[in-house]
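These notes are about the structure you will find just below.
The values are calculated or read from the model by the stated rules, or taken from the named source; none is laboratory data. Not measured: the values here are computed from a predicted model. Because the Cβ atoms are built from the backbone with ideal geometry, glycine has one as well, and the counts that use them run over all protein chains shown.
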Amino acid sequence: MGNCFVYILASQKNGTLYVGVTNDLVRRVYEHKNDLVKGFTSKYRVHCLVYYEQAVDIRSAITREKRIKKWNRKWKMELIEAENPG
């Protein structure tokens, strides 16, 4: 299995969500938490990792990311709460 991840960040419980993909989850979450990347997550203070899954390769990770981004909020929340009820 490759080091590719699809992840979801939240601003707070039931807050704003962000779906992303990376090959280094620890580094990417650090960048988001410290606003090292200007954009959506720094503007809306979306810093808390609430869900992630590992993918076989970057292509499958990107496909999964795009699929999750199209989901409605309820489905995303159900995905998060199934793995991370807190």
Meets criteria (touching a Phe, Trp or Tyr at 6+ places or on another chain (Cβ under 6 Å), surrounded by 12 or more Cβ atoms within 10 Å (Cβ to Cβ) and of a type outside the set (V, I, T)) for Y7 = yes
Filtering the stretch 5-18 for residues that are in contact (Cβ under 8 Å) with a residue 40 or more places away in the chain and either touching an Asp or Glu at 6+ places or on another chain (Cβ under 6 Å) or part of a loop (DSSP other than H, G, I, E, B) (or both) leaves a count of 2
Looking only at residues in the stretch 53-82 that are more than 13 Å from the chain's Cα centre (by Cα) and among the charged types (D, E, K, R), which one is nearest to R27 (Cα to Cα)?
-> D57
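Here are some residues: V26, V50, V46. Which one is under 13 Å from the mean Cα position of the chain (by Cα), within 22 Å of N84 (Cβ to Cβ) and either polar (S, T, N, Q) or in a loop (DSSP other than H, G, I, E, B) (or both)?
Checking each option against the conditions leaves just V46.
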Under 8 Å by Cβ, and 6 or more places apart or on different chains, what pairs join a residue from the stretch 41-56 that is without any contact (Cβ under 8 Å) to a residue 40 or more places away in the chain with one that is of a type in the set (A, V, I, L, M, F, W, C)?
-> T41/L9; V46/L9; V46/A10; V46/L17; V46/F40; H47/L9; C48/L9; C48/A10
Picking from N23, N84, N14, the residue that is at pLDDT below 95 and either touching a strand residue (DSSP E or B) at 6+ places or on another chain (Cβ under 8 Å) or of a type in the set (A, V, I, L, M, F, W, C) (or both) would be N84
For the stretch 64-74, how many residues are surrounded by 11 or more Cβ atoms within 10 Å (Cβ to Cβ) and either of a type outside the set (V, I, T) or out of contact with any strand residue (DSSP E or B) (no Cβ under 8 Å at 6 or more places or on another chain) (or both)?
-> 6
In this structure, does V21 turn out to be in contact (Cβ under 8 Å) with a residue 12 or more places away in the chain, crowded, with 18+ Cβ neighbours inside 10 Å, out of contact with any Lys or Arg (no Cβ under 7 Å at 6 or more places or on another chain) and more than 13 Å from I68 (Cβ to Cβ)?
-> no
Give the residues of the stretch 68-79 that are within 13 Å of I8 (Cα to Cα) and either touching a Cys at 6+ places or on another chain (Cβ under 6 Å) or part of a helix (DSSP H, G or I) (or both), sorted by residue number.
-> I68, K69, R73, W75, K76, M77, E78, L79
